[in-house]
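Colleague: Structure in structure tokens, see below.
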């Protein structure tokens, strides 16, 4: 809901960012810097700080450690003190090479949200400048308030495109707040500013434990108005101070994996909803458009750290689609079941709309992924869509329930052929589908066969396929339907045509082989069939046969296990397909 609210009300939600947001960049917390400075002071004095650095400092100097005092013992001049602090927060060339002390994915997502006008006020307890750096990458120069003096005369927040309020100061300012005593109070001007933000803006809290920052905790406690919801992101169970504030503000607790994925998910949702609003696109289950989902899956496949998110994303899409196409939503018996050509076309269109995200996910997975876990995700989706319960009803409606599975299999299969990933293709086809009320299993390539989903005679009556010359009307429909969604996988129109024919012919060969001993073979002759009747368009059949003979054991489908790697079996299947094609009528 947070992404939905931020998109609907741009600029209404302020962010409160703690040290957890910068930890992924290997930025030390203020406390860690304090302890390190004490150790350096002790080393310079030739004394041991163990076992308690703070106790040693208090015993040695008679007061609690703070930045100004610590730095005065290490360096005398402002430039020297600044250089010491820079070492904690600014990256060296080696740090940059290692990808640390630089803006994180969370910082960059926040910056992009700010660039879109969705975030305009940011409160942070962090001393670093990673957020400012990320904002500058987006050509945003934020108003930065980091000292009590800056609160006086600051431009009203509503007049700034982006304001960053550094509650505890900037690392180059020796007066930054860090010790318990320093964190106990804020200046009057800063308190007024915080009170206004908490009163007039919604709040998104991330990376802040609320344990040490007494003055900030007090500010949240004294705020009586909650005009908008507070969202509190937390890794694991919130601590006692967090729990208290969550209760006081009636906040929505949001369990997260880390700040990076949290803000990326928000950005993705906001971006998708903005795109929907601008284009009026109506898509299937989930919060992402197919185009955005394709890109996200592709990126997660390429990211070794994205496995968990990829698994959740694809499984959630699968669950959403299964629920959306449940039998109680698509009646199978008269009078609600489709019996006319127009009613069948309407149901197909509904299935197509609901399946659009699954088509995008499967296409991206097949195109970019080939690891076992990614193959398992694709097979899981196919099984969920193909293992429909045995029910009674109008035959065409019962069979059409497999249409979403057919769409996803074609989308993934075409992408796999385009990428020449025949191991992926074979894993898809060989996905075991449990038959209802039986222990028997069949392969997905047999179960999700166009002829089993929609009878060719019925398909020819569809309004969009009323050309009697279409021998394979459903293949013609799939060809037109999937071309646009698969433009990222197969760009050139002529290349798409060739790949589509190749996919359908290979599927026909595999079907012919797998059902060679069956009384009811399931060999679907697709668009390639009528083309093969024309000598000038016989290339696909002849090309496949030539590959078998010339490549032998190295032919891709042999290598992955199809036909049990036996050339005679593949030739037998090809002969069966050619025989069927040769009997097709001329027009």
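Laboratory data are not the source of any read-out in this text; all were calculated from the coordinates shown. Just so it is clear, the model here is predicted, and its values are computed rather than measured. We place every Cβ from the backbone using ideal geometry, glycine too, and count neighbours over all the protein chains shown.
Colleague: What is the distance, in nm, between label points placed 7 Å from the Cα along the Cα-to-Cβ direction at residue 550 and at residue 172?
Modeller: That separation, rounded to one decimal, is 6.6 nm.
Colleague: Moving on to the next point. Set the Förster radius R0 to 25 Å, insert the Cβ-Cβ distance between residue 339 and residue 542 as r into 1/(1 + (r/R0)^6), and round the FRET efficiency to 0.05. Walk me through the numbers before you get to the answer.
Modeller: Numbers: r = 42 Å, r/R0 = 1.70.
Calculated transfer efficiency: 0.05.
Colleague: Assuming a ≥ b ≥ c are the square roots of the Cα gyration tensor eigenvalues, decide whether the range 349-440 counts as rounded (a/c under 1.5), prolate (otherwise, with a/b larger than b/c) or oblate. Working shown, then result.
Modeller: Working: a/c = 2.55, a/b = 1.53, b/c = 1.67.
Oblate shape, in that a/c is at least 1.5 and b/c is the bigger or equal ratio.
Colleague: 7 Å from Cα along Cα→Cβ at both residue 452 and residue 61: what's the point-to-point distance in nm?
Modeller: Taking the simple label geometry, residue 452 and residue 61 are separated by 7.8 nm.
Colleague: Using Cα pairs closer than 8 Å and at least 6 residues apart in sequence, work out the relative contact order for the chain, in percent.
Modeller: Numbers: 848 pairs, mean separation 57.7, N = 587.
For the chain, the relative contact order is 10 percent.
Colleague: If you split all Cα-Cα distances of the chain into 20 Å bins from zero, what percentages do you get per bin, shortest first?
Modeller: Result returned by the calculation: 18, 38, 25, 16, 3, 0.
Colleague: A further question on this structure: Pop the C-beta distance of residue 195 and residue 252 into the FRET formula with R0 = 22 Å and round what comes out to the nearest 0.05. Walk me through the numbers before you get to the answer.
Modeller: Values: r = 22 Å, r/R0 = 0.99.
About 0.50, to the nearest 0.05.
Colleague: Return the FRET efficiency for the residue pair residue 32, residue 137: r is the Cβ-Cβ distance, R0 is 35 Å, and the value is rounded to the nearest 0.05.
Modeller: Numbers: r = 27 Å, r/R0 = 0.76.
Here the calculated transfer efficiency is 0.85.
Colleague: Can you pull the three principal axis extents for the Cα set of the range 110-178, in Å, largest first?
Modeller: Here the Cα extents, ordered largest to smallest, are 34, 24, 15 Å.
Colleague: Rounded to the nearest 10 degrees, what's the angle between the helix 78-89 long axis and the longest principal axis of the chain, both from Cα atoms, 0 to 90?
Modeller: That helix lies at roughly 30 degrees to the long axis.
Colleague: Follow-up question, since we're still on this one. Starting from the 7 Å offset along Cα-to-Cβ, what nm value, one decimal, do you get for the label separation of residue 440 and residue 8?
Modeller: Calculated label separation equals 5.1 nm.
Colleague: Quick one: length gained pulling residue 152 to residue 517 fully straight, 0.36 nm per residue minus the C-alpha distance?
Modeller: Numbers: separation 365, 0.36 × 365 = 131.40 nm, distance 8.67 nm.
Here the segment from residue 152 to residue 517 would lengthen by 122.7 nm.
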